[in-house]
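Let me begin by presenting the structure, written as structure tokens, before commenting on it.
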Amino acid sequence: MASQDMESRVKNELAGQKPSEVTELILDNCRSTSMVGITDEYVELEVLSVINVGLTTLQGFPSLPKLRSLELSDNKISGEFDCLKSCPNLVSLKLCNNKITDLASLETLKELTKLASLDLLECPIASEENYREDVLKSLSQLVYLDGIDREGNAEPDSDEDYEFDEDEGEVESGASGEEDGEEEDGDEDEEDEEEEEEEEGKEEEGKEEGEGENAVVNTNGEDSSDVPPAKRAKLDDASDLSNGATEIES
């Protein structure tokens, strides 16, 4: 069965929707050497996948102001990324297994300030010496290159895991979750310390009460714990005499 051309595939994917209502469009494995069938009417489109289509150029790429994720892997694209300037909110761009040979062909991507993730695996440029260092240096806005960040950590599974700060123009990823976790741990530690202090306070009160009950009170009503040793001895003798008298009377 022959592969469907891109224009026909786009019509089928609409399934009765208006172009302005579509947020995701998957056109993988249809046939075309250029972008056809997609127009500037797709103002709400956020995800576009055009894998293994046979594209040799991106000329004619529409203006997609809300596009966040663009999949162009397994095609024959060598450059001409100027048209992507009309996609200012692009966060993820996958160009694996294309004909990209040098850093100069990626120069235009510098203008995509929100671009956080770029994949160039299996492109000729990926086999160049110092490839990774050169690309990350040239495209300083990138967080991930080929699924790995600058510290060697793996990329999240989806661009939905990115949080874009509209005011600062920066992309935040899993780091914010780690910071929240540290704050929660700090709160738990404080609560544990407060509980320990309360328990210690209760123990101290219990000891004081016990000492009060165990204090020896002499026959004259004096607390023997506050009486000097010599006087305490006299009081004890007096107590013994009193007890003896009581026994004789009985």
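The values are calculated or read from the model by the stated rules, or taken from the named source; none is laboratory data. Remember, predicted model here, so these are calculated numbers, not experimental data. Cβ coordinates were reconstructed from backbone atoms using ideal geometry, including for glycine residues, and neighbour counts include every protein chain displayed. These area figures cover heavy atoms from the full protein model, side chains too; ligands, DNA and RNA do not enter into them. Shrake-Rupley method; radii C 1.70, N 1.55, O 1.52, S 1.80 Å.
Determine the per residue accessible area of the range 1-118 with all protein chains present and a 1.4 angstrom probe, expressed in square angstrom.
Accessible area per residue: 45 Å².
Share of the range 43-96's accessible area from carbon and sulfur, percent, 1.4 Å?
Values: 860 of 1810 Å².
Carbon-and-sulfur percentage of accessible area, whole number: 47.
Between ALA15 and CYS83, how many nm apart are label points set 7 Å from Cα along the C-beta direction?
2.6 nm
With every protein chain present, what accessible area does ASP5 have (1.4 Å probe, heavy atoms only), rounded to the nearest 10 Å²?
Surface open to solvent at ASP5 totals about 70 Å².
Please work out how much accessible surface GLU151 shows to a 1.4 Å probe, ignoring ligands, DNA and RNA, in Å² rounded to 10.
140 Å²
In the range 58-113, which trypsin sites (Lys or Arg not before Pro) are in a loop and have at most 13 other Cβ atoms within 10 Å, using DSSP for the loop call? Provide the component values of the computation, followed by the final result.
On the way: sites: LYS66, ARG68, LYS76, LYS85, LYS94, LYS99, LYS110; in loops: LYS66, ARG68, LYS76, LYS99.
Qualifying residues, ordered by number: LYS76.
What residues qualify as long-range amide H neighbours of TYR144, i.e. H under 5 Å apart, gap of 5 or more or another chain, H built at 1.01 Å from N?
Counting only residues 5 or more places away or on other chains, the set is SER117, LEU118.
Go through LYS18/LYS110; LYS18/LYS99; LYS18/LYS94 and tell me which ones have a Cα-Cα distance over 29 Å in this structure. Show your work: numbers first, answer last.
Working: LYS18/LYS110 33 Å; LYS18/LYS99 34 Å; LYS18/LYS94 27 Å.
Violating the 29 Å limit, Cα to Cα: LYS18/LYS110; LYS18/LYS99.
Once phi is turned into θ = phi - 60°, what whole-Hz ³J(HN,Hα) does the Karplus curve with 6.51, -1.76 and 1.60 give for every residue of the range 82-92, x standing for Gly and Pro?
Working through the residues one at a time gives 4, 5, 6, 4, 7, 10, x, 9, 5, 10, 10 Hz.
Counting every Cα pair in the range 1-99, what percent are over 15 Å apart? Write out the running numbers ahead of the final one.
Numbers: 2824 of 4851 pairs.
More than 15 Å apart: 58 percent of the Cα pairs in the range 1-99.
Calculate the all-directions average of the projected area of the range 82-137's alpha-carbon convex hull, and give it in nm². Walk me through the intermediate numbers first.
Working: hull surface 14.4 nm².
Quarter of the Cα hull surface area: 3.6 nm².
Quick one: net charge of VAL43's neighbours, Cβ under 12 Å, K/R +1, D/E -1? Don't skip to the answer; put the middle values down first.
Numbers: positive: LYS18, LYS66; negative: GLU21, ASP40, GLU41, GLU44, GLU46.
Surrounding charge for VAL43 is -3.
Could you give log10 I(q)/I(0) at q = 0.16 Å⁻¹ for the range 45-152, computed by the Debye formula over C-alpha point scatterers of equal weight, without solvent?
Scattering profile of the range 45-152, log10 relative to I(0): -0.65.
Let me check I've understood the local charge: for CYS87, count other residues with C-beta under 10 angstrom from its C-beta, Lys and Arg +1, Asp and Glu -1. What total comes out?
Values: positive: LYS66, ARG68, LYS85, LYS114; negative: none.
Cβ neighbours under 10 Å give a net charge of +4.
Per residue of the range 18-27, in order, report the coupling 6.51 cos²θ - 1.76 cosθ + 1.60 (Karplus, θ = phi - 60°) as ³J(HN,Hα) in whole Hz, putting x for Gly and Pro.
With the stated coefficients, the range 18-27 comes to 7, x, 6, 9, 7, 10, 9, 9, 10, 10 Hz.
ASP5's amide H: which non-local residues (gap 5+, or another chain) put their own amide H closer than 5 Å, with H modeled 1.01 Å from N in plane and none for Pro or chain starts?
ARG31
What are the ³J(HN,Hα) values, in whole Hz, obtained from phi via the Karplus relation 6.51 cos²θ - 1.76 cosθ + 1.60 with θ = phi - 60°, for each residue of the range 69-78 in sequence order, with x given for Gly and Pro?
Going residue by residue, I get 10, 10, 9, 10, 5, 6, 10, 10, 7, 10 Hz, with x marking Gly and Pro.
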